[in-house]
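Asker: Below: one structure in structure tokens.
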Amino acid sequence: MEAKAVGLVLRTNLIIGFPHENRRDVFATVMYGLKLALRGVDEVSINIFSPYPGSEIFTDLVQQGKVMLNDEYFFSLTSLNSDFTTLNHKTVNTNIGERELAFYRSSFLMANYLLGYIAYPTRILRSLKHIFLSGYSSTTVFEHRLRDRRNRGIMGAAQQRND
């Protein structure tokens, strides 16, 4: 991959859970994401579809009464794809439930990083360096979150010593 040869960090975002998507479609997206990870993409994320105002899908869903345009809806959009631990994503998919979509998303996330670390073992050292050494910025969201968790642990321990 030429982009990797010149040192670029590659990220891609995939979406599952479109309104009429079925399990076969989700499986095809997951397999595509794993192929990207094997090809060297540093981070492949899968997010659960959220209809946004202004899109044709959103307008159709509002007309069908499946989405209500109100503050609650907008607040739900702000955290929908940032919490990888929740199993209660709101979905407009008629074939696959929210917990199942969340399961696919979480399973893919783990498989993606595991596959990337196995296929590219130097990433392990890179991640450790980015998580534990100052002066380095995180390459992936995974590294960033682990570094934040580490920092919160250090700050919490320091605060306990001061109390």
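Asker: Give me the net charge for the shell around Phe132: Cβ to Cβ below 11 angstrom, other residues only, Lys and Arg +1, Asp and Glu -1.
Answerer: +2
Asker: Quick one: Karplus J couplings for segment 110-119, per residue in order, coefficients 6.51, -1.76, 1.60, θ = phi - 60°, nearest Hz, x for Gly and Pro?
Answerer: Each residue of segment 110-119 in turn: 5, 5, 4, 5, 4, 4, x, 6, 5, 6 Hz.
Asker: Please enumerate, by chain and number, the aspartates and glutamates with C-alpha under 13 Å from the C-alpha of Lys35, excluding those fewer than 8 residues away in the same chain.
Answerer: Leaving aside aspartates and glutamates fewer than 8 places away in the same chain, those within reach of Lys35 are Glu43.
Asker: At Ser106 and Arg145, where each label point lies 7 Å from the Cα along Cα→Cβ, what is the point-to-point distance in nanometres?
Answerer: About 1.1 nm, to one decimal.
Asker: Listing Tyr32, Tyr104 from the residue with the fewest other Cβ atoms within 10 Å to the one with the most, what is the order?
Answerer: Listing Tyr32, Tyr104 from fewest to most nearby Cβ atoms yields Tyr32, Tyr104.
Asker: Hey, fewest Cβ within 10 Å first, where do Ser106, Ser127 land in order?
Answerer: Taking fewest neighbouring Cβ atoms as first place, the list is Ser106, Ser127.
Asker: Here's a follow-up. Which order do the peptides 57-63, 148-154, 45-51 take when ranked by the mean count of other beta-carbon atoms within 10 Å per residue, highest first?
Answerer: On the way: 57-63: 14.3, 148-154: 10.9, 45-51: 19.9.
Most protected by this proxy first, the peptides run 45-51, 57-63, 148-154.
Asker: Positive end of the charge dipole of segment 14-78 (Lys, Arg +1 and Asp, Glu -1 on Cβ, about the Cα centre): tell me which of Val26, Ile48, Leu38 has its Cα farthest that way.
Answerer: Leu38
No value in this document is a laboratory result; all are computed from the given coordinates. The structure presented is a predicted model; accordingly, all values stated were derived computationally and were not measured. Using ideal geometry, Cβ is built from the backbone for each residue, glycine included, and neighbour counts are taken over all protein chains shown.
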